[in-house]
1. Check whether at least one residue in the stretch A:35-53 is touching a residue at least 12 places away in the same chain (Cβ under 8 Å), farther than 30 Å from residue B:48 by Cβ, assigned to a helix (DSSP H, G or I) and out of contact with any Ser or Thr (no Cβ under 9 Å at 6 or more places or on another chain), and report yes or no.
2. Select from the stretch B:5-63 the residues that are closer than 17 Å to residue C:24 by Cα and touching a Phe, Trp or Tyr at 6+ places or on another chain (Cβ under 6 Å) and list them in ascending order.
3. Any idea which residue in the stretch A:87-117 is nearest to residue B:102 (Cα to Cα), counting only those that are open to solvent by 40 Å² or more (accessible area, probe 1.4 Å) and β-branched (Val, Ile, Thr)?
4. Residue B:106: at the interface with chain A (Cβ under 7 Å from one of its Cβ atoms) and either assigned to a loop (DSSP other than H, G, I, E, B) or open to solvent by 70 Å² or more (accessible area, probe 1.4 Å) (or both), yes or no?
5. Mind counting the residues in the stretch C:14-28 that are more than 7 Å from chain B (Cβ to nearest Cβ) and buried (at least 17 other Cβ atoms within 10 Å of the Cβ)?
6. With respect to residue C:38, is the statement that it is open to solvent by less than 70 Å² (accessible area, probe 1.4 Å), among the β-branched types (Val, Ile, Thr), at the interface with chain B (Cβ under 8 Å from one of its Cβ atoms) and closer than 24 Å to residue B:82 by Cα true?
7. Tell me, yes or no, whether the stretch A:20-32 has at least one residue that is in contact with a helix residue (DSSP H, G or I) (Cβ under 9 Å, 6 or more places away or on another chain) and closer than 18 Å to residue B:75 by Cβ.
8. Which of the residues spanning the stretch C:56-70 are under 11 Å from the mean Cα position of the chain (by Cα) and farther than 13 Å from residue B:50 by Cβ?
Amino acid sequence: MFRSIFLAVVLFLLWLVLSGIYTPILISFGVLSAIIVAWIAYRMDVADHEGFPIQLSWKAVSYWPWLIVEIIKSNIAVAGLILGSRENIKPILIRIPANQKTELGQVTYANSITLTPGTVSIAVGENMIDVHSLSKAAAEDLKQGVMHDKVCRLEDLNYPLPKTK
Amino acid sequence: MAVEVISWLFVGIGSLFLLIGAIGLLRLGDIFARIHAAGLIDTMGLGFLILGMCFYSGFTLVTAKLIIIGIFMFFASPVSTHALSKAALDGNIKPEVDEDQRPDKRRLGAEE
Amino acid sequence: MFVAASIAILIAMLLAIVRAVLGPTIYDRILAINTFGTKALLLIATIGFLTERPEFMDLALVYALINFIATIAIMKFFRFSHLGYPQGKDEIGDL
């Protein structure tokens, strides 16, 4: 129930940003539509811990900057591979473990892998992820498991800190 | 003035990565390699272009809309990329790889 | 500045179209059209800045939504040859 009310507030803020016209009648329409959508989501049972994961809260916010730095680093590496000679491109397929407790954690991990260019998750299941990597270096980076540990800590703070070199 | 220079810089970087990604789309060997080039466009190209536009327009409603586009693509692009690569794998397209370190060739998460 | 950016985007779109025409498999074409859509939404945004019409941002936002759904829908259609009822034992349907 709390989640649905929070969803209605977020939807109304989104409506305010997208609308741009602020007269009382239009704002009341906005409030009404936000409440109706939140009610439909409550009835459909989609505003749960997977559809609207507010329990991650500040942990997700602290994970994103690290992810963005990783994305920029791997972007530069892939740009070098594309512009360089063909011999440097050695695609590799690996299977890595994904020991997150919830499906949401596994999806976050798979999406993070896909979001960093150079590695794409091509199949997910049975606590494993198949990864297609453009170079051996990116695959080795992934096998070290820093990102895996970070995503594990995203859903459970008791998970041990990733070992940094 | 400084803000304008920053926005020029970001739009320039974004355009550059857009072009590199498009070149990669043509140069790379097979579908699974080309997905990486598309990822370059979806993350760095789009991200830096939108960031540059945000700096250019300042604190307005346009910036808020640009940020919404950026966040949406941040979540949507890996989903469509993963769906595409999984569909290609299900369509019996063999990835051209130098080395296959999977212990077996079965497809994860596929129902029999 | 935005003129140069839109020219770069147009060149990148042209390259994506070349890949869509060449692409040996259907998945290459879907990938090319997906990135083409991403570039189209960026082009819409830059044109909004060039002509100083902020309404273009709404168009770009809608284009982003349509692009994502279109990619998923095209892939589902090629996999199952229809967009209708769910397949297999998964009640929501599978990609």
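The values are calculated or read from the model by the stated rules, or taken from the named source; none is laboratory data. All values reported here derive from a predicted model rather than from experimental measurement. Counting neighbours? That spans all protein chains shown, and the Cβs are built from the backbone with ideal geometry, glycine included. Heavy atoms of the whole protein, side chains included, go into the accessibility calculation; ligands, DNA and RNA do not. Shrake-Rupley method; radii C 1.70, N 1.55, O 1.52, S 1.80 Å.
1. To start, the set of residues in the stretch A:35-53 that are touching a residue at least 12 places away in the same chain (Cβ under 8 Å) comprises A:35, A:37-39, A:41-42, A:47-50, A:52-53.
Right, trim to farther than 30 Å from residue B:48 by Cβ and you get A:35, A:37-39, A:41-42, A:47-50.
Now drop any that are not assigned to a helix (DSSP H, G or I), which leaves A:35, A:37-39, A:41-42.
Next, only the ones that are out of contact with any Ser or Thr (no Cβ under 9 Å at 6 or more places or on another chain) stay: A:35, A:37.
Within the stretch A:35-53 (the criterion being touching a residue at least 12 places away in the same chain (Cβ under 8 Å), farther than 30 Å from residue B:48 by Cβ, assigned to a helix (DSSP H, G or I) and out of contact with any Ser or Thr (no Cβ under 9 Å at 6 or more places or on another chain)), the answer is yes, since at least one residue qualifies.
2. Result: B:31, single match.
3. Looking only at the stretch A:87-117, we keep the residues that are open to solvent by 40 Å² or more (accessible area, probe 1.4 Å), and these are A:87-88, A:90, A:97, A:99, A:101-103, A:107.
Cutting the leftovers down to β-branched (Val, Ile, Thr) gives us A:102, A:107.
Numbers: A:102: 24, A:107: 20 Å.
The qualifying residue nearest to residue B:102 (Cα to Cα) is A:107.
4. On the way: at the interface with chain A (Cβ under 7 Å from one of its Cβ atoms): no; either assigned to a loop (DSSP other than H, G, I, E, B) or open to solvent by 70 Å² or more (accessible area, probe 1.4 Å) (or both): yes.
It is false that residue B:106 is at the interface with chain A (Cβ under 7 Å from one of its Cβ atoms) and either assigned to a loop (DSSP other than H, G, I, E, B) or open to solvent by 70 Å² or more (accessible area, probe 1.4 Å) (or both).
5. Within the stretch C:14-28, the first condition is being more than 7 Å from chain B (Cβ to nearest Cβ), and the residues that meet it are C:14, C:17, C:20-24, C:26.
From the residues that got through so far, the ones that are buried (at least 17 other Cβ atoms within 10 Å of the Cβ) too are C:20, C:23.
Adding up the residues that qualify gives 2.
6. Values: open to solvent by less than 70 Å² (accessible area, probe 1.4 Å): yes; among the β-branched types (Val, Ile, Thr): yes; at the interface with chain B (Cβ under 8 Å from one of its Cβ atoms): yes; closer than 24 Å to residue B:82 by Cα: yes.
So residue C:38 passes the test.
7. no
8. Taking the stretch C:56-70 as the starting set, the residues that turn out to be under 11 Å from the mean Cα position of the chain (by Cα) are C:63-70.
Of everything in the stretch C:56-70, those that are under 11 Å from the mean Cα position of the chain (by Cα) and farther than 13 Å from residue B:50 by Cβ turn out to be C:63, C:65, C:66, C:67, C:68, C:69, C:70.
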